[in-house]
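The values are calculated or read from the model by the stated rules, or taken from the named source; none is laboratory data. What you see is a predicted model; the values in this text were computed from it and never measured. Ideal geometry is used to build each Cβ from the backbone, glycine not excepted, and the neighbour counts take in all protein chains shown. These area figures cover heavy atoms from the full protein model, side chains too; ligands, DNA and RNA do not enter into them. Shrake-Rupley method; radii C 1.70, N 1.55, O 1.52, S 1.80 Å.
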Amino acid sequence: MRVVHTIADLRHALAGARTPALVPTMGSLHDGHLALVKLAREHGGPVVASIFVNRLQFAPHEDFDRYPRTLERDCELLKSVGCNLVFAPAEQELYPQPQTYKVQPPGDLADVLEGAFRPGFFTGVCTVVMKLFQCVQPSVAVFGKKDFQQLMVLRGMAQQFALPVEIVAGETARADDGLALSSRNAYLGETERAEAPQLAATLHVVQAEVLAAAKTGARLDAAALEAQAMATLRSRGWAPDYVALRRRSDLQAPTATAPDPATEPLVVLAAARLGKTRLIDNLEI
């Protein structure tokens, strides 16, 4: 496995390569990232993992400066699962001048849920991913379903710009107790880590209520269900931003009072703070 830090060295390393597959990351890797690399290997061609903590997707009050940076460990992990090339540019390499050209995703998809609580987040994500696509020129790019809204935004970007990149989704990787794997889990203290699986458990309760309503044809009050889930989290010491039941197709609210996931696939998404750590998760229904 080769590690490169400049766009010129990246392009030289990929010269003549067929159909590279890209796994964009911000480093501090865990088993979820490694599963994405394994998935990328199934699509043929060299696998490139990028490691770059992207300032553009962090608000001034967020954790850009303290976001964990563990490049040496990350490279060892990537090598162990068959990654061929690591692109780990410095900020000055990827943004040699202020990035005034940016990709602005549509508000109906990007300004809700995460976008409502992190204004500009998806503009930063789309801009850096577009730039990585231009650097690597992959035929396949692999992203995790844990960031469900991000996955949808990037699929839309690839489609509307007619990018020759297939966006592939990897399933959410979880610890044995159900907690979705995340680099930010490292921020959790021992007591917080023991409580953290409750976020996934809350989503499972919503899922069960939706499936029960669909089975009986009962009216489903999605807003009440969301409010109850948030109340449950608050009672346990969380500070939830949202628990939201949405259509998978466009992240809008279900159209039916008794939605049938078989005909209108749904997803329940959540973001909440536990102590100083903000966690996100989702569950398809």
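Leaving out ligands and nucleic acids, note down the accessible area per residue over the stretch 149-237 with a 1.4 angstrom probe, in whole Å². Before the final figure, lay out the partial values.
Values: 4760 Å² over 89 residues.
For the stretch 149-237, the per-residue accessible area is 53 Å².
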Distance in nm between label sites at ALA208 and ASP177, each 7 Å beyond Cα in the beta-carbon direction?
-> 1.9 nm
Surface share of carbon and sulfur [accessible, 1.4 angstrom probe, percent] for the stretch 192-252 | 51 percent
What order, most packed first, do the peptides 162-170, 96-104 have when packing is the mean number of other Cβ atoms within 10 Å of each residue?
-> 162-170, 96-104
Name all residues of the stretch 162-193 having a backbone nitrogen under 20 Å from the label point set 7 Å from the Cα of SER139 along its Cα→Cβ direction, giving them as ranges.
-> 162-170
Interchain or long-range residues, amide H under 5 Å from LEU266's placed H = ARG248, ILE285
The answer for the net charge of residues other than HIS30 whose Cβ lies under 12 angstrom from its Cβ, with Lys and Arg +1 and Asp and Glu -1, is +2
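Note down the net charge around THR127, summing +1 for each Lys or Arg and -1 for each Asp or Glu among other residues with Cβ under 14 Å from its Cβ.
+2
Please sort by residue number the chymotrypsin sites (Phe, Trp or Tyr not before Pro) in the stretch 138-230 whose DSSP state is loop and whose Cβ has at most 14 other Cβ atoms within 10 Å.
Details: sites: PHE143, PHE148, PHE161, TYR187; in loops: PHE161.
Answer by residue number: PHE161.
Rounded to the nearest 0.05, what FRET efficiency is calculated for GLU166 and THR216 with R0 set to 35 Å and r the Cβ-Cβ distance? Walk me through the numbers before you get to the answer.
Details: r = 39 Å, r/R0 = 1.13.
After rounding to 0.05, the efficiency reads 0.35.
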How compact and how long is the stretch 1-85, expressed as Rg and Dmax of its alpha-carbon atoms in Å?
-> 13.6, 43
Excluding ligands, DNA and RNA, the carbon-plus-sulfur percentage of the accessible area of the stretch 123-191 with a 1.4 Å probe reads 48 percent
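First compute the accessible area of the stretch 42-92 with a 1.4 Å probe, then give the percent of it belonging to carbon and sulfur atoms. Could the numbers behind the result be given before it?
Values: 1320 of 2580 Å².
Within the stretch 42-92, the accessible surface is 51 percent carbon and sulfur.
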Would you indicate which of (1) 17.9, 60; (2) 19.1, 55; (3) 19.4, 60 is the value of Rg and Dmax of the Cα atoms in Å derived from the coordinates of this structure?
-> (3)
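Just add up the charged neighbours of ALA239: K/R +1, D/E -1, any other residue whose Cβ is under 14 Å from the Cβ of ALA239.
Working: positive: ARG234, ARG236, ARG273, LYS276, ARG278; negative: GLU192, GLU195, ASP241.
Neighbourhood net charge equals +2.
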Of LYS38/LYS79; LYS38/LYS145; LYS145/LYS215, which ones are farther than 18 Å apart at the Cα?
-> LYS145/LYS215
Accessible area (Å², per residue) of the stretch 51-105, counting only protein heavy atoms and a probe of 1.4 Å = 60 Å²
Provide Rg over Rh for the stretch 161-263; use the alpha carbon set for both Rg and the Kirkwood Rh (inverse mean inverse pair distance).
-> 1.03
With the contact rule set at Cα under 8 Å and sequence spacing of 6 or more, what percent relative contact order holds for the chain?
-> 17 percent
Counting only DSSP beta bridges with both residues in the chain, what percent are antiparallel, rounded to the nearest 5?
-> 50 percent
Anisotropy class of the stretch 49-194 from Cα gyration tensor, a/c 1.5 cut = rounded
